[in-house]
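Just below is one structure, and these are the notes that go with it.
We did not get these values from a lab; they are worked out from the coordinates using the rules stated. The shown structure was predicted, so the numbers you read here are calculated from the model rather than taken from an experiment. Neighbour counts are summed over all protein chains in view; Cβ atoms, including those assigned to glycine, are modelled from backbone coordinates with ideal geometry.
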2 protein chains.
Amino acid sequence: MTTRGRGLHGHVLESLGPAITAGEYPPGSVLRTDELAQRFEVSRSVMREAVRVLESMYLVESRRRVGVTVRPKAEWNVFDPQVIRWRLAGADRPHQLRSLTVLRSAVEPIAAGLSARHATAAQCAELTECALGMVANSRGHKLEEYLVHDVAFHRVILNASGNEMFARLGDVVAEVLAGRTHHEVMFEDPDPAAVTLHVQVAEAVRAGDASRAEELTRQITVGALQELDILAP
Amino acid sequence: MTTRGRGLHGHVLESLGPAITAGEYPPGSVLRTDELAQRFEVSRSVMREAVRVLESMYLVESRRRVGVTVRPKAEWNVFDPQVIRWRLAGADRPHQLRSLTVLRSAVEPIAAGLSARHATAAQCAELTECALGMVANSRGHKLEEYLVHDVAFHRVILNASGNEMFARLGDVVAEVLAGRTHHEVMFEDPDPAAVTLHVQVAEAVRAGDASRAEELTRQITVGALQELDILAP
DNA sequence: TGTGACATATAAGTCTGACTTTTTGTTCTC
DNA sequence: GAGAACAAAAAGTCAGACTTATATGTCACA
């Protein structure tokens with residue numbers, strides 16, 4: 001994905017951000033800009049820019065005469081794509097993955113329902129295309145190809161919902177699905193029932209059946225929750 | 001709320017951020033750091049820090065030899081609390097309010113269901129306290145007092161869900177509810193049915209009845225959608 | 001012993017100017 | 001007209017001097 005090393009300050013962020021989210025500097029820890037600048041071998045101005053960005057993510061707070069203090073985890077802006085990526089790459093990856101999957105289970109059914117109302121003909125076409133792609137790659141250890149279509153499918157749903165905030169969750173869902181294939185329990189071919197559900201969702205959206213699209217998508221997300229042993233009933 | 005004018009760069013952000021989100025500089029517009037620094041009467045270093053923050057919000061992109069270009073709206077990080085505040089204060093406030101209300105309708109029922117499972121005794125107590133506060137202020141034009149308890153109620157639900165991402169939406173919900181009372185259609189006393197629903201949710205959570213808590217909360221959010229003429233059935 | 005005012009040290013904040021690097025657009029040549 | 005060399009423009013980086021807020025320690029006084 002986006003290799004985010006633009007400029008020296010970006011390079012510093014890629015090192016310091018994960019360290020903070022990983023708990024390497026526990027909340028309350030105090031850092032000093034000058035010391036950090038020395039450690040990363042950059043000028044103070046560059047380090048200041050990095051600190052400003054961390055501050056805008058609510059990861060740290062910069063105060064005069066005190067330094068740069070790490071904020072408590074509860075205040076972090078966990079919706080920031082960068083923060084999400086850092087946490088997914090770090091130690092509390094499982095925890096983050098659970099949070100995101102629960103979020104998916106809340107958002108995606110509603111998004112599917114909205115898509116059934118608002119989706120354009122082109123989006124419906126793209127959706128069925130994705131579903132067919134999933135079917136075509138559902139057997140024979142073609143997990144990567146399957147993943148591509150799976151991600152595309154959910155992206156279309158979120159975009160077609162017409163809600164800008166749902167649309168912005170496309171990257172997050174992509175990250176979760178990719179994580180499931182690459183790191184978690186996805187060694188064999190995907191569950192045939194799940195594949196069928198995707199096809200049915202595409203059909204429901206095309207037919208404009210909002211409640212059916214919502215319900216079917218709910219079944220998909222319930223499956224995702226169960227995969228992570230998050231009980232729903 | 002948080003008066004975010006910390007430092008010169010914060011002051012610049014409070015002026016430049018809303019201008020961008022309001023579309024004053026349409027996507028594709030090119031700004032130059034030096035010119036901005038002159039206009040805001042700050043040094044280049046301060047302006048650079050401000051630009052870095054805007055960049056981390058995906059509002060702008062800074063490229064050599066070209067300048068600071070405003071990104072297309074679809075790429076903005078609309079989950080950033082700062083961005084949400086700027087947009088709520090600007091011209092597309094109604095649009096933003098709708099997006100957020102739809103998001104609420106997705107998240108809050110699930111959060112309530114989770115709360116019924118995970119809420120501590122203290123949280124249950126706080127919840128019923130909030131509900132009682134709403135009842136006590138539901139008549140006689142005590143809208144401000146009602147709002148305080150309403151906000152507190154939804155915050156407790158989101159926190160008690162045990163999901164860190166839901167918990168972070170507390171501020172957003174607070175902003176939406178406050179907006180409804182202060183700017184939108186809330187001239188008279190709140191709908192008695194809504195008040196009753198809150199009491200019932202508190203009761204369902206205390207009883208550990210997840211599906212009932214979820215369903216009741218769904219009714220609350222459906223009401224919020226209807227207030228904004230967003231049809232659900 | 002406690003409390004208030006005052007002094008001091010500290011780290012962030014700010015500004016300026018010089019220099020570097022990347023990238024775009026032009027121009028020159030074949 | 002295609003491609004290479006060149007020049008200009010804007011961001012990027014750095015170093016150093018200075019300012020400002022503020023936490024903390026000190027000391028007099030009650």
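One table, with the values for the structure above:
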read-out: Most fluctuating residue given options A:14, A:55, A:35, as computed from a GNM of chain A linking Cα atoms under 10 Å; value: A:35
read-out: Shortest-first distances to equivalent copies, position residue B:89, nm, label 7 Å out along Cβ; value: 3.3
read-out: Spatial separation of Cα centroids for region B:158-233 and region A:155-210, in angstrom; value: 27
read-out: Residue exposure sequence - B:84, A:157, A:20 - by fewest surrounding Cβ within 10 Å; value: B:84, A:20, A:157
read-out: C-alpha center-to-center spacing [region B:79-136, region A:1-48] in angstrom; value: 33
read-out: Paramagnetic label zone (point 7 Å from Cα along Cα-to-C-beta, residue A:95; backbone N under 16 Å) in region A:50-67; value: A:59
read-out: Separation in nanometres of the label points that stand 7 Å from Cα toward Cβ, at residue A:33 and residue B:11; value: 1.6
read-out: Using θ = phi - 60° and Karplus 6.51 cos²θ - 1.76 cosθ + 1.60, couplings along region A:116-129 (whole Hz; Gly, Pro as x); value: 4, 8, 9, 4, 7, 4, 4, 5, 4, 4, 4, 5, 5, 4
read-out: Candidates per GluC sites (Glu not before Pro) in region A:143-190, loop by DSSP, up to 13 other Cβ within 10 Å; value: A:188
read-out: GNM top mover of A:97, A:36, A:54 - chain A, alpha-carbon springs below 10 Å; value: A:36
read-out: Modelled FRET efficiency - R0 35 Å, residue B:135 with residue B:229, Cβ distances, 0.05 increments; value: 0.80
read-out: Chain A Cβ-axis minimum, rotational copy B, residue and distance in Å; value: A:79, 2
read-out: Dipole magnitude (debye, nearest 20) for the protein assembly as shown, charges at Cβ of Lys, Arg, Asp, Glu; value: 1540
read-out: Exam field: residue B:29 pseudo-label spacings to other copies (7 Å along Cα-Cβ), nanometres; value: 4.0
read-out: GNM flexibility winner over chain A from A:221, A:101, A:69 (Cα, springs under 10 Å); value: A:69
read-out: Charged-residue dipole, Cβ positions (Lys, Arg, Asp, Glu), region A:1-131 about Cα centre, Debye nearest 20; value: 400
read-out: Neighbour-limited loop hits for trypsin sites (Lys or Arg not before Pro), region B:118-155 (at most 16 other Cβ within 10 Å; DSSP other than H, G, I, E, B); value: B:139, B:142
read-out: Formal net charge of residues neighbouring residue A:140 (Cβ-Cβ distance under 13 Å; K, R +1; D, E -1); value: -2
read-out: Inter-copy label distances at residue A:135 (7 Å, Cα→Cβ; nm, one decimal); value: 5.5
read-out: Net charge, residue B:33 excluded, C-beta distance under 10 Å - Lys, Arg +1, Asp, Glu -1; value: +1
read-out: Cβ-based exposure ranking for A:220, A:110, in which fewest neighbours within 10 Å come first; value: A:220, A:110
read-out: Charge dipole of chain A about the Cα centre (unit charges at C-beta), most positive-ward option of A:23, A:90, A:192; value: A:23
read-out: Leading residue at positive end of dipole, region B:24-134 (Cβ point charges), from B:118, B:133, B:62; value: B:62
read-out: Interchain or long-range residues, amide H under 5 Å from residue A:24's placed H; value: none
read-out: Net charge contributed by nearby residues that have their C-beta within less than 15 Å of residue A:119 (K/R +1, D/E -1); value: -2
read-out: Dipole magnitude of chain A about its Cα centre (Cβ charges: Lys, Arg +1; Asp, Glu -1), debye to nearest 20; value: 1000
read-out: Three-way shape call for region B:144-223 based on the alpha-carbon gyration tensor, with the a/c threshold at 1.5; value: oblate
